[in-house]
Amino acid sequence: MAFKKSEDPFYQLFRDFAEEIVETCDDYVKLVDGYPETITMIPGMKLHESRGDAHVRKIMKELYTSFITPFDRDDISNLALRMDDIIDYMESASVGLDLFNMSASRVEACQLARLTRAAVEDLRIMVDHLPDYKKDLIVREKAIAVGEIEDQATDVYEQGLRLLYHDEALDEIRRGHIVGWMRVFDRMMDSIAACDAAAGVVRSVIMKSA
């Protein structure tokens, strides 16, 4: 959706932020899918995290100087912070792969990364249509869809933990991988939960306008 001069500047700021999240997630999926060969991508995730912080600062600066906002000021702040959490947790999960000395990726990790990508795409579409949130049903549909993806991710997460504790290929020397993968899985789930938290802010905005 092209930028319209009549739109409030917050909408474009959120669009730019959503695009940054999508770009971050594309690298996240590649990193997780190809690990450990993709270990050199981890510093790039840190750069994405820094750019996410910059987007938050832009939104907060606009918030501090705006007398009129398109919806509640607290909701604008919360949406920006929850969107930032998405990137923070992707970066944290990526760092965890190296921090906990993972020797290879796992199927469930790849699945969680792809589900994150699906969630951030729905989030991007939701934000793209946000200027018409009172009338555009796509905003509500995508805000709900993100929550449904979180439910799918929970099933993958639980399956991943179950298999970790029944993986006979992990000898006693590598048992530390169980704890490491638990931490990584938790951070991956936190990123998806942050997607739903951001969508939840929008769901709240829609309800307030009803």
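The values are calculated or read from the model by the stated rules, or taken from the named source; none is laboratory data. Keep in mind that what you see is a predicted model, and the values were worked out from it rather than measured. All Cβ positions, glycine included, derive from the backbone under ideal geometry; neighbour counts span all protein chains shown. With ligands, DNA and RNA removed, areas are computed over all heavy atoms of the protein, side chains included. Shrake-Rupley method; radii C 1.70, N 1.55, O 1.52, S 1.80 Å.
Summary table
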| quantity | calculated |
| --- | --- |
| J(HN,Hα) series, the range 155-162, from Karplus relation 6.51 cos²θ - 1.76 cosθ + 1.60, nearest Hz, glycine and proline x | 4, 5, 4, 5, 5, x, 5, 4 |
| Computed lengthening from LEU63 to ASN101, 0.36 nm per intervening residue step minus Cα-Cα distance | 9.5 nm |
| The range 91-210, accessible surface, carbon-and-sulfur percent (1.4 angstrom probe) | 52 |
| Mean accessible surface per residue for the range 62-175, computed with a 1.4 Å probe while every protein chain stays in place, in Å² | 52 |
| Using a Förster distance of 30 Å, the FRET efficiency for ILE138-GLU19 (Cβ separation, nearest 0.05) | 0.95 |
| Angstrom value of the Kirkwood radius, inverse mean 1/r, which spans all Cα pairs in the range 17-132 | 15.1 |
| Rounded FRET efficiency, nearest 0.05, which uses the C-beta distance separating ARG51 from ASP74 and R0 of 25 Å | 0.55 |
